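The values are calculated or read from the model by the stated rules, or taken from the named source; none is laboratory data. As the structure is a prediction and not an experimental result, all values here were calculated from the model. Neighbour counts run over all protein chains shown; Cβ positions are idealised from the backbone, glycine included.
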Amino acid sequence: MEEISRLLPLLGKGSKPFWICTSRRVKEEARRSGLGKRVEEAGGRMVADTCAVVSPLEKLGFKTVGVDSAKAAHYLPSLCRVEVVFSPPGELLGR
């Protein structure tokens, strides 16, 4: 929740689409607190209990994916056939 709260000031309406992958507990807590709605209003989607590495990013039309996870940065190009930008969240959201 703390990390999501730190990201919110960086988000604006009409931001590029983005996902926040988190646990079910954090997603539910964000929904109850109103943070989830603010993420959605900024163009985001909270995804629970999964990893972007096993998602159908290519089939969903994504060509480039920004991540702050070294694991995701390593596996996404070969498993999902997307270009990867590996940076801290604040830098990714500012692109």
Number of positions in segment 36-95 that are assigned by TED's automatic domain parsing to the domain that holds residue 6, aliphatic (A, V, I, L, M) and assigned to a loop (DSSP other than H, G, I, E, B):
1
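Going residue by residue through segment 2-15, is there one that turns out to be modelled with pLDDT under 90, among the basic types (Lys, Arg) and either assigned by TED's automatic domain parsing to the domain that holds residue 76 or not in a loop (DSSP other than H, G, I, E, B) (or both)?
Of segment 2-15, the ones modelled with pLDDT under 90 are 2-15.
Adding the requirement that they be among the basic types (Lys, Arg) leaves 6, 13.
Subset that is either assigned by TED's automatic domain parsing to the domain that holds residue 76 or not in a loop (DSSP other than H, G, I, E, B) (or both): 6.
Within segment 2-15, one or more residues are modelled with pLDDT under 90, among the basic types (Lys, Arg) and either assigned by TED's automatic domain parsing to the domain that holds residue 76 or not in a loop (DSSP other than H, G, I, E, B) (or both).
Quick one: would you say residue 28 is over 11 Å from the mean Cα position of the chain (by Cα) and either in a loop (DSSP other than H, G, I, E, B) or not assigned by TED's automatic domain parsing to the domain that holds residue 3 (or both)?
On the way: over 11 Å from the mean Cα position of the chain (by Cα): yes; either in a loop (DSSP other than H, G, I, E, B) or not assigned by TED's automatic domain parsing to the domain that holds residue 3 (or both): no.
Taking the combined requirement at face value, the residue does not satisfy it.
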Residue 11 versus (1) free of Cβ contacts under 8 Å to residues at least 60 places away in the same chain; (2) of a type outside the set (Asp, Glu); (3) surrounded by 13 or more Cβ atoms within 10 Å (Cβ to Cβ): which is the lone unmet condition?
(1)
Are there any pairs, at least 6 apart or on different chains, whose C-beta atoms fall under 8 Å, with the first in segment 39-59 and over 25 Å from residue 9 (Cα atoms) and the second β-branched (Val, Ile, Thr), and if so, which?
55/47; 57/65; 57/82; 58/82
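From the list 22, 50, pick out the single residue that is touching a strand residue (DSSP E or B) at 6+ places or on another chain (Cβ under 7 Å), of a type in the set (S, T, N, Q) and within 19 Å of residue 88 (Cα to Cα).
Details: 50 fails: within 19 Å of residue 88 (Cα to Cα).
So the residue among 22, 50 that is touching a strand residue (DSSP E or B) at 6+ places or on another chain (Cβ under 7 Å), of a type in the set (S, T, N, Q) and within 19 Å of residue 88 (Cα to Cα) is 22.
Would a scan of segment 65-77 turn up a residue that is exposed (fewer than 11 other Cβ atoms within 10 Å of the Cβ) and at pLDDT 95 or above? Give the steps one after another, and end with the answer.
Just the residues of segment 65-77 that are exposed (fewer than 11 other Cβ atoms within 10 Å of the Cβ), to begin with: 70.
Retained after the next criterion (residues that are at pLDDT 95 or above): 70.
Within segment 65-77, one or more residues are exposed (fewer than 11 other Cβ atoms within 10 Å of the Cβ) and at pLDDT 95 or above.
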